[in-house]
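Remarks on the structure that follows.
The values are calculated or read from the model by the stated rules, or taken from the named source; none is laboratory data. Only a predicted model underlies this, so the values are computations on that prediction, with no experimental measurement involved. Cβ placement follows ideal geometry from the backbone for every residue including glycine, while neighbour counts extend to all protein chains displayed.
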Amino acid sequence: MKIENSFLTICLASIMVISGCGNVNTADQLEAEQETRIENPRTEAANTESGTKTILFFGNSLTAGYGLEPEQAFPALIQQRIDSMNLSYKVINAGVSGETTSGGKSRIDWLLKQPVDVFVLELGANDGLRGVSTEESYNNLKAIIGKVRAKYPDVKVVLAGMQIPPSMGQQYAQDFREIYTRIAEEENVALIPFLLEGVAGNSELNQGDGIHPTEEGQKILAENVWDTLEPIVQEEEVQEEEV
């Protein structure tokens, strides 16, 4: 996808904005939920018995829905879609603004205290804006997937592809884009080709910083994700009914 020059300038100017912002509500809610599970294991047992599965969205400010209400972020919109179809899935938004692949590799262990049936990995954009080595980002993403699979061998993994402006050089931008296709092929995971397809570079679909999607932009992200995620959850649902 060709990104407008104005968007490239804003991306570079906003690196510190991305790295400095947090989503306290999302983090607090997730921590409280974890503590409830530890204190009351019956809650987890009830979920297992009811057949409800978990989709964990693990990412940065794009997943967290920076600048918006939690219910406007694309993971919440995916939950709405799932509920409308009466599918037995619970979505957890584990997005943290400013997260890098290195930070994600360190944080993932804590999140794996809870069962995960579908794991949606959305990280790398902050690496790209910082000019982190593409091999380092590649290795970190592979390590995260490895940790999730080691804990839950039957987990279904979805990788959200990302692209960056050519400000760091055409070769770097190309190598960065190929991180995701390489991992998808090597790890045999489902790939969302470009999470921001139809949103990146469109001022009407991004907030004032030019990077974070508006409410309408998040709806497009949800559609991009659902295109890849729907066959997975539908297949899982069919398998569950057959068992």
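Before moving on, here are some points about what is shown:
- Residue 61 being hydroxyl-bearing (Ser, Thr, Tyr), surrounded by 18 or more Cβ atoms within 10 Å (Cβ to Cβ) and modelled with pLDDT of 95 or more: yes
- Some residue of the stretch 98-106 being among the basic types (Lys, Arg), modelled with pLDDT under 95, surrounded by 14 or more Cβ atoms within 10 Å (Cβ to Cβ) and touching a helix residue (DSSP H, G or I) at 6+ places or on another chain (Cβ under 7 Å): no
- Conditions (1) buried (at least 24 other Cβ atoms within 10 Å of the Cβ); (2) acidic (Asp, Glu); (3) part of a loop (DSSP other than H, G, I, E, B): number failed by residue 154: (1)
- Within the stretch 138-173, tally of residues that are touching a helix residue (DSSP H, G or I) at 6+ places or on another chain (Cβ under 8 Å) and either of a type outside the set (Gly, Ala, Ser) or over 16 Å from residue 194 (Cβ atoms) (or both): 22
- Residue within the stretch 201-209 that is among the hydroxyl-bearing types (Ser, Thr, Tyr), in a helix (DSSP H, G or I) and more than 17 Å from the chain's Cα centre (by Cα) present: yes
- Residue 206 being crowded, with 16+ Cβ neighbours inside 10 Å, touching an Asp or Glu at 6+ places or on another chain (Cβ under 7 Å) and of a type in the set (S, T, N, Q): no
- Selection of the stretch 115-140 for residues being surrounded by fewer than 18 Cβ atoms within 10 Å (Cβ to Cβ) and either touching a residue at least 40 places away in the same chain (Cβ under 8 Å) or within 23 Å of residue 232 (Cα to Cα) (or both) yields 115, 130, 131.
- Top-ranked residue in the stretch 190-202 [being in contact (Cβ under 8 Å) with a residue 60 or more places away in the chain and surrounded by fewer than 18 Cβ atoms within 10 Å (Cβ to Cβ); ranked as nearest to residue 143 (Cα to Cα)]: 194
- Put simply, of 144, 232, 211, 220 the only residue that is hydrophobic (A, V, I, L, M, F, W, C) and touching a Cys at 6+ places or on another chain (Cβ under 7 Å) is 211.
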